[in-house]
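The values are calculated or read from the model by the stated rules, or taken from the named source; none is laboratory data. Note that the structure is predicted; figures quoted are calculated from it, not measured. So basically every Cβ, Gly included, is an ideal-geometry build from the backbone, and we count neighbours across all protein chains shown. Accessible surface is based on the protein model in full, side chains and every heavy atom, while ligands, DNA and RNA are left aside. Shrake-Rupley method; radii C 1.70, N 1.55, O 1.52, S 1.80 Å.
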Amino acid sequence: MTAMAASDDAAIARTAARFDAPAPVLEPIARDLTRQMARGLVGEPSSLKMLQTFTRQPSGRERGRVVVVDWGGTKARAGLVELGPGGAVRIVAEEALTFSEADKRGAPEPVFDLIARAVGRVAQGQGVAAAPLAFIYSYPARLERIDRAVALASTKGWRLKGLVGQDVAALLGAALLRAGLARIALAAVANDTVAALMLHSYRARGRDAAARPADVGLIVGTGTNLAADLGPAGIRNLESGNFDGVGAVETAYDVALDREVDEPPPGAQRFEKMVSGHYLGEILRRALEDMGKRSGPLATPFTLDSAHLSRIAADGTAGLDDVDALLRALGASSTVEERHGVRALGAAIARRAARLVGTALVGTLRFLDAELAERRTIAVDGSLWGGYPGFEALVREAIGELLGGERASRIETAYVKDSTSAGAAVIAAVAATQRSE
């Protein structure tokens, strides 16, 4: 295997140890996040934007059909969602879109035209001529009202020319008009993190009107973010991927990745670059490359991704046969010892990510309730949370170490799988109620 020196157990252990994140180091990070939430909320300098979302918790009585556009990573989806009694949510139809590298680096209008045409196919297929549309835009954006969101940055591998500063809702609306869909009206724009929070609340209150809604929304997938219900201050989008208080657990690999990735620019999205699925495989690749020769199949940036890390962690065979198959597919041969080294490094990187997520949750929950005297619910979605074996347990381990067993037991993590489209429909339905009022 050209990416790693053979059978160097001591070197593997030393490299893995660089990703240690013990509780005494994480505690100041959690406190810093709480402080930055407070500063961001009042407009003081902070890496947490604390953006308004212009929505509120659902009652559980929202009903109807909503067209949904979900764009937040390597793919986009257009669909039709139906909200029914008892917190029921049904995906009536859905179409997935993939984007080329040229799409990701061109002008924004052709991308929005692709999305609008997909909306047209879904609507026509279901006989829908008029409907509200919910747009989930899971990139940094500043909401100025429920149906206006100004792009702040390109992330997750996107570098659309001239997008920053434009209203993405208006861009989608213009594309719908070009596609002849004037009666498909954009009703709300939000991000996937808020959608997860809203969906959990809708389901809970649909079953029991007195049920407590979700306090926090969390996404851990291609990217990562937090949203929180701050009571009188409303539901806020933290844009926590941009949290910069992570220097105490950074490695040389993180620093180099931050410096060498041009979008988002160096210094931006530092938390996301250490936690999210878009970057974890690249951190592993850099660590492997550092331990071996700077050539071979793993010398190409972003050859590995978080799906690879999940697959490596899930291999329970003595010879790590699936890891062998994965590496061979990437063009790298390996010994059993080397495969165990790859697995150990991947596990160390994923464990640090999970512990940072737990730390961010503790910082957020302390802002809501300094003593954590009440029960709190975190609605979670994302491919890393749902796909990496034991990720939730690693997050909860960190929460327990930071808060102690009694307080940690008051925190519920609810996995709301594939929440984005359904949660978006809830947001649009709540927006319709707000307008009628």
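Here are the numbers for this structure:
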{"read-out": "Matching residues, the stretch 83-101, being closer than 23 Å to G173 by Cα and touching a helix residue (DSSP H, G or I) at 6+ places or on another chain (Cβ under 8 Å)", "value": "I91, A93, E94, E95, L97, F99"}
{"read-out": "Criterion (crowded, with 21+ Cβ neighbours inside 10 Å, under 23 Å from the mean Cα position of the chain (by Cα) and more than 23 Å from A179 (Cβ to Cβ)) met by exactly one of L33, L41", "value": "L33"}
{"read-out": "Hits in the stretch 368-395 (condition: out of contact with any Gly (no Cβ under 7 Å at 6 or more places or on another chain) and closer than 23 Å to G245 by Cα)", "value": "L368, D369, A370, E371, L372, I378, V380, W385, F391, E392, L394"}
{"read-out": "Given (1) more than 16 Å from F243 (Cα to Cα); (2) in a helix (DSSP H, G or I); (3) among the aliphatic types (A, V, I, L, M), number of the condition L365 does not satisfy", "value": "(1)"}
{"read-out": "Extreme residue, modelled with the highest pLDDT, among residues of the stretch 8-22 that are under 15 Å from E289 (Cβ atoms) and in contact with a Leu (Cβ under 7 Å, 6 or more places away or on another chain)", "value": "T15"}
{"read-out": "The stretch 101-119 residues that are under 22 Å from A131 (Cα atoms) and open to solvent by 20 Å² or more (accessible area, probe 1.4 Å), paired with ones that are part of a helix (DSSP H, G or I) and not hydroxyl-bearing (S, T, Y) (beta carbon under 9 Å, 6 or more apart)", "value": "D113/A175; D113/R178; L114/D103; L114/A175; R117/A175"}
{"read-out": "Tally of residues being open to solvent by 60 Å² or more (accessible area, probe 1.4 Å) and within 17 Å of G346 (Cβ to Cβ) across the stretch 390-408", "value": "1"}
{"read-out": "V92 β-branched (V, I, T), modelled with pLDDT of 95 or more and surrounded by fewer than 18 Cβ atoms within 10 Å (Cβ to Cβ)", "value": "yes"}
{"read-out": "Residue satisfying all of: in the stretch 296-305; of a type outside the set (V, I, T) and open to solvent by 20 Å² or more (accessible area, probe 1.4 Å); nearest to Y388 (Cα to Cα) among these", "value": "D305"}
{"read-out": "Among residues of the stretch 137-161, those that are open to solvent by less than 40 Å² (accessible area, probe 1.4 Å) and over 19 Å from T53 (Cβ atoms), counted", "value": "5"}
{"read-out": "Residue match in the stretch 301-313 (condition: of a type outside the set (D, E), more than 21 Å from E272 (Cβ to Cβ) and modelled with pLDDT of 95 or more)", "value": "yes"}
{"read-out": "Which listed residue, of L284, L257, L280, is assigned to a helix (DSSP H, G or I), under 30 Å from Q52 (Cα atoms), within 21 Å of the chain's Cα centre (by Cα) and among the hydrophobic types (A, V, I, L, M, F, W, C)", "value": "L280"}
{"read-out": "Whichever residue in the stretch 306-354 is basic (K, R) and open to solvent by 10 Å² or more (accessible area, probe 1.4 Å) and, among such residues, is farthest from R14 (Cα to Cα)", "value": "R328"}
{"read-out": "Residue pairs meeting the criteria (Cβ under 6 Å; at least 6 apart or on separate chains; first under 10 Å from P108 (Cβ atoms), in the stretch 160-180; second in a loop (DSSP other than H, G, I, E, B))", "value": "L160/S154; K161/A107"}
{"read-out": "Condition check for E263: closer than 28 Å to G423 by Cβ and touching a strand residue (DSSP E or B) at 6+ places or on another chain (Cβ under 8 Å)", "value": "no"}
{"read-out": "Some residue of the stretch 318-336 being out of contact with any Ser or Thr (no Cβ under 8 Å at 6 or more places or on another chain), closer than 23 Å to E397 by Cα, at pLDDT 95 or above and not basic (K, R)", "value": "no"}
{"read-out": "Search result, residues across the stretch 237-292 that are touching a residue at least 60 places away in the same chain (Cβ under 8 Å), surrounded by fewer than 18 Cβ atoms within 10 Å (Cβ to Cβ) and within 30 Å of A379 (Cβ to Cβ)", "value": "D244, A248, E263"}
{"read-out": "Residue list for the stretch 47-86, filter: in a loop (DSSP other than H, G, I, E, B) and without any contact (Cβ under 8 Å) to a residue 40 or more places away in the chain", "value": "G84"}
{"read-out": "Residue check, L97 free of Cβ contacts under 8 Å to residues at least 60 places away in the same chain, in a strand (DSSP E or B) and surrounded by 22 or more Cβ atoms within 10 Å (Cβ to Cβ)", "value": "no"}
{"read-out": "Residues satisfying the stated conditions in the stretch 184-208, i.e. more than 29 Å from P265 (Cα to Cα), out of contact with any helix residue (DSSP H, G or I) (no Cβ under 7 Å at 6 or more places or on another chain) and at pLDDT below 95", "value": "A185"}
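Here's the yes/no breakdown for (1) open to solvent by 10 Å² or more (accessible area, probe 1.4 Å); (2) in contact with a Pro (Cβ under 9 Å, 6 or more places away or on another chain); (3) outside any helix (DSSP H, G or I); (4) over 24 Å from R39 (Cβ atoms):
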| residue | (1), (2), (3), (4) |
| --- | --- |
| L163 | no, yes, yes, yes |
| L186 | yes, yes, yes, yes |
| V194 | no, no, no, no |
| A209 | yes, no, yes, yes |
| I219 | yes, no, yes, no |
| L226 | no, no, yes, no |
| P232 | yes, no, no, no |
